[in-house]
Each structure stands twice: as C-alpha cells, then as structure tokens.
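Down below is the structure, laid out as structure tokens.
Read-outs: derived from the displayed coordinates by stated rules, not from any lab. Because the structure is a prediction, the values reported are computed rather than measured. When we count neighbours, we look across all protein chains shown, and the Cβ atoms used for this are built from the backbone with ideal geometry, even at glycine.
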Ligand code: CP3
C-alpha cells in the first residue's frame, strides 16, 4: 500500500507535527479513554449495543462512540474504540465483561492452555475492527488524526494468565518465573498476533499507533527487559519495516526510572508518561531521548476541576514548552469526570501561548 509521508499528513493533522519534527504550540491534545461512560451520549449508545464487547464488534456503533468526544471537544486525535482484550478474545480465550467488576477470562494455567490458543482464527474479529477504522477515516474531520492501538504483550498476558485484573499481576509474574519457556511462548504468540492486528489497523487508515503497557510497573528490572522491552522492540521493528511513516507511542505505565531505557531500546517514537512521573523527568526524557513525550495530568484532577486543575495544567504546559510534547492524562479518564471539566481543560490548553 502507498501511504502519504508523515510530513505531508502532519501538514493537515496537528497531532502528527511533533513526530514529524515540526513545532506545534499549543501542543496537540487528546485524552486516554476519551470515549466512555463519563459521556451521556456514550452511555446511550452503549445501552443499545448490549454487552461491551458487542459494542467493540459493531463497526457502526464503535465508530459512533469514537466520534462522540471529537464532536464535543475537537481533540487533535481520536482513538479507535475497542479494547486491549479483543486480542485474547480473537485468539479463542473468550472474554466477558462483568458489570461493575471488569474483565473475566478462563485463566491460562500451563503449556496446554497456551497451545489451545488459535492465532489462525483471529482474522474474523480483526477484520471487524478494521472495518471500524475504515469507517472512521471516512467520517472523521480531515484534520483529526486516528490512533490505532493494542495492549502490549506483557499487559495482555497478565489478564490471560490471571483471568482478571489484579493489583500485583502475581499469577503472570509467577508463571514467568516458574515456567519461562511457556510464558515466552505466550508472549511470542501475542507479539505475532498484535503485529497483525496493528497492521490491519494501519492498512485500514490509522495514522499512528499506541501500545498500552498498563502493568509495566510491576516488574523487576531483568523481567522488565525480557517481558516489556524485548517483545515491544520486536513489534516495533516489524511495524517500522512495513510502515516507516507511522509513529508509534509506547505507554509503559509505572516504568519510572526504566522509562529512558524503554524509549532508547524499543525504538518507540513517543512515550506516554503516567501521573507519578515528575515533570522534571519528563523534560529530561524529551531532551535525553529526542522522542515525543505525552502526558500526564492526574485523571482525578479532571474530576475535581476548578483552580487546582488550571494551576496544574499551567505547570505542565510551562515545563513542556518548546519540547516535542502531546498533552494527555497520566492514565484513562475516570467515569465520574464532569464533561464540563473537560471543556475547561481543552480551553486552557488551547489558549496556551
Ligand atoms: O477511548 C479510548 O481510549 C479507546 C478505547 C479503550 C478502551 N479500553 C475502552 C473501554 C482503550 C484504549 C482501552 C485500553 C484498555 N483496556 C487498557 C489499557 C489502558 C488502561 O486503562 O490501563 C486496559 C488495561 C483495558 C482492559 C479493560 N477494559 C478493563 C480493565 C476494563 C474494565 C474497567 C472499566 O473501566 O470498566 C475495560 C472496559 C472498558 N474498556 C470500558 C471502556 C470504555 C468500560 C466498559 C463499559 O463501557 O462498560
């Protein structure tokens, strides 16, 4: 396929400017989980879809909820509405979302569980998601970038092995210690499958990609190197070979002091920082690695609103002025965020000089 160059797309889509080495101030902005339950229009569409995964697998509805925050706030980027757990679901490890409790999967306990996965069967569900991407590229304003995404192999594996979210990811960390060969096979399957999944999103019209590694912060440094850095590096090398003009953001949440290593060794074009990352460290990351830095407003501050919100937004903008920077939250937007606080945030960032 032929793609426009990054520099050409960046002319029309501000979000891409920092990746193309072009200056952009006020900085481009979008918010992780910008489509979701804090918006009444999302709740309405969600109710017609039945289950959450039905929504992810209904291109017309998934495209609609992706567009909702763009219509309301005019963010510089939209993010495909889907979920990182679509990948295990497509591999045949069925995912259920229990209302108020989160995702549930039948946990993979051993080598047998890994060999029951069906990478050859993922095409059907991935094509549905690609259909959402095509619709979006057709329906989005031309100036809005479209971000495709997947979970990083490590984070997705924590759900596949644990069967649910957990505060310490103990089940996956234990399998990685006790039976590293089996765990490596699982990670390898996720690398292959995720590269295929992201490739389909690019072919369907995604402008940029983000790899969510929400649980990168729970690993010892040697395990971080093996299960976070190594698989991400392979994924990025494979994607860059096919699509050199597609910027890739990594979000190694909680990686803290390992963030610079992550940025240098994986080959990401940008790094998304969580709330606890000090602004000074974000500046150093931008200057030291030359990568785009994204982040990192506390999602709770967006619930609180008011002067506290304004002051922190100003602090972030002052610190990141002149850097290759994208304004975002440090983690996903929370369900009880008043939509008017998001309006206030957008106005504040957009009026930054
Ligand atoms: O707007 C966007 O950012 C795009 C859509 C998106 C969702 N999930 C929709 C969603 C994205 C990028 C994700 C990523 C995701 N999903 C991550 C990585 C980022 C992070 O938050 O750390 C993870 C770990 C998941 C797995 C997941 N999905 C969990 C643990 C849950 C349950 C928690 C919850 O908020 O209910 C989900 C469900 C989910 N994914 C919802 C949305 C809008 C809420 C479900 C609903 O509407 O009922």
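Here are the numbers for this structure:
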quantity	calculated
Sorted by Cβ density within 10 Å, fewest first, the residues 189, 79, 108	189, 79, 108
Residue among 153, 167, 119 with the largest mean-square fluctuation in a Gaussian network model of the chain, springs linking Cα atoms under 10 Å	167
Inter-probe distance in nm under a simple model that places probes 7 Å from Cα toward Cβ, at residue 179 and residue 5	5.1
Between helix 153-162 and the chain: long-axis angle, C-alpha atoms, 0 to 90°, nearest 10	50
Area projected by the alpha carbon convex hull of region 258-347, averaged over all directions, nm²	5.8
Acute angle (nearest 10 degrees) that the helix 306-320 long axis makes with the longest principal axis of the chain, alpha-carbon atoms	80
0 to 90° range, to nearest 10: angle between helix 59-73 axis and the chain longest Cα axis	30
Residue exposure sequence - 197, 42 - by fewest surrounding Cβ within 10 Å	42, 197
Solution diffusion estimate, µm²/s, Stokes-Einstein, region 236-285, Kirkwood Rh from C-alpha pairs, 37 °C, viscosity 0.692 mPa s	285
Whole-number percent relative contact order across the chain, with pairs defined as alpha carbons under 8 Å at least 6 apart	19
Of all DSSP beta bridges in the chain, antiparallel share, percent nearest 5	15
Computed helical MRE - 222 nm, the chain, DSSP H runs ≥ 4 contributing -39500 (n - 2.57), nearest 500	-15000 deg cm²/dmol
Within region 54-94: backbone nitrogen closer than 18 Å to the residue 138 label point (7 Å, Cα to C-beta)	57-68, 80-81
Cα-based Rg / Dmax (Å) for region 216-265	11.3, 33
Order by protection proxy (mean Cβ within 10 Å, highest first), peptides 71-77, 126-132, 83-89	83-89, 126-132, 71-77
The chain: projected area of the alpha-carbon convex hull, averaged over directions, in nm²	15.8
